[in-house]
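Here's the structure we're looking at; comments come further down.
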Amino acid sequence: MTDPYQNQPGFGGPQYGPPGTGPDLNKQPEVPGQQYPSDPYNQQPQYGQQPQYGQQPPQYGQPDPYGQQPGGYPPPPYPGGGYNPNDPEAPYGRDPFGVPFSDKQKLTAGLLQIFLGGFGIGRFYTGHTGIAIAQIAVTWLTCGIGGIWPLIDGIMMLTGKVPDSLGRPLRD
């Protein structure tokens, strides 16, 4: 079915109701407080511009929650580092039992222990200096046969069985 008002002048689209009852599209909207660009004497300055002499700066509804100036960046939402700043005791998160993770990684500790375990590097990395010195002594005093101990220790670090010197589990 065709619209009987579609081809009449002044009606650009479908018209519902009797002719002449629709909105007048040629008329400017009447909104209280709205200024038109054609009025050069009553314009507010754009955001970030200084107002002209005799004009008040624009007032916006709510204060800025970050306290920033126009064109600036908000301050950081939290101080400090780590991945979880809301929990200062566990910046790297917690394991399923609630124990905070170490700042040391399993993969780094395990690979250092496997490849450089004869020098105790993996245990130095986790903070166990006594065990690291013992591994060096056993490896060198047994002419390398005691190097099986650092190898097994490195595998245990990769599986997560060895904590750091503070008793925290190594993180992934």
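The values are calculated or read from the model by the stated rules, or taken from the named source; none is laboratory data. Just so we're clear, the structure is a prediction, and the values are computed from it rather than from any experiment. Please note: Cβ atoms are built from the backbone with ideal geometry, for glycine as well, and neighbour counts cover all protein chains shown. SASA here: full protein model, heavy atoms, side chains in, ligands and nucleic acids out. Shrake-Rupley method; radii C 1.70, N 1.55, O 1.52, S 1.80 Å.
Name the single residue that is surrounded by the most Cβ atoms within 10 Å (Cβ to Cβ) among those in the stretch 120-150 being in contact with a Leu (Cβ under 9 Å, 6 or more places away or on another chain) and either over 17 Å from LEU170 (Cα atoms) or free of Cβ contacts under 8 Å to residues at least 12 places away in the same chain (or both). Here the answer is PRO150. Determine if the stretch 66-87 includes at least one residue that is modelled with pLDDT of 60 or more, touching a Pro at 6+ places or on another chain (Cβ under 6 Å) and within 30 Å of LYS161 (Cα to Cα). Checking the stretch 66-87: at least one residue is modelled with pLDDT of 60 or more, touching a Pro at 6+ places or on another chain (Cβ under 6 Å) and within 30 Å of LYS161 (Cα to Cα). Go through the stretch 122-158 and give me each residue that's over 14 Å from LEU112 (Cα atoms) and under 42 Å from the mean Cα position of the chain (by Cα). Answer for the stretch 122-158, where residues must be over 14 Å from LEU112 (Cα atoms) and under 42 Å from the mean Cα position of the chain (by Cα): THR129, GLY130, ILE131, ILE133. Remark: GLN59 matches the filter, which requires a residue to be over 29 Å from the mean Cα position of the chain (by Cα) and at pLDDT below 90.
None of GLY154, GLY98 is in a loop (DSSP other than H, G, I, E, B), open to solvent by less than 60 Å² (accessible area, probe 1.4 Å) and either modelled with pLDDT of 95 or more or on the phi > 0 side of the Ramachandran plot (or both) except GLY98.
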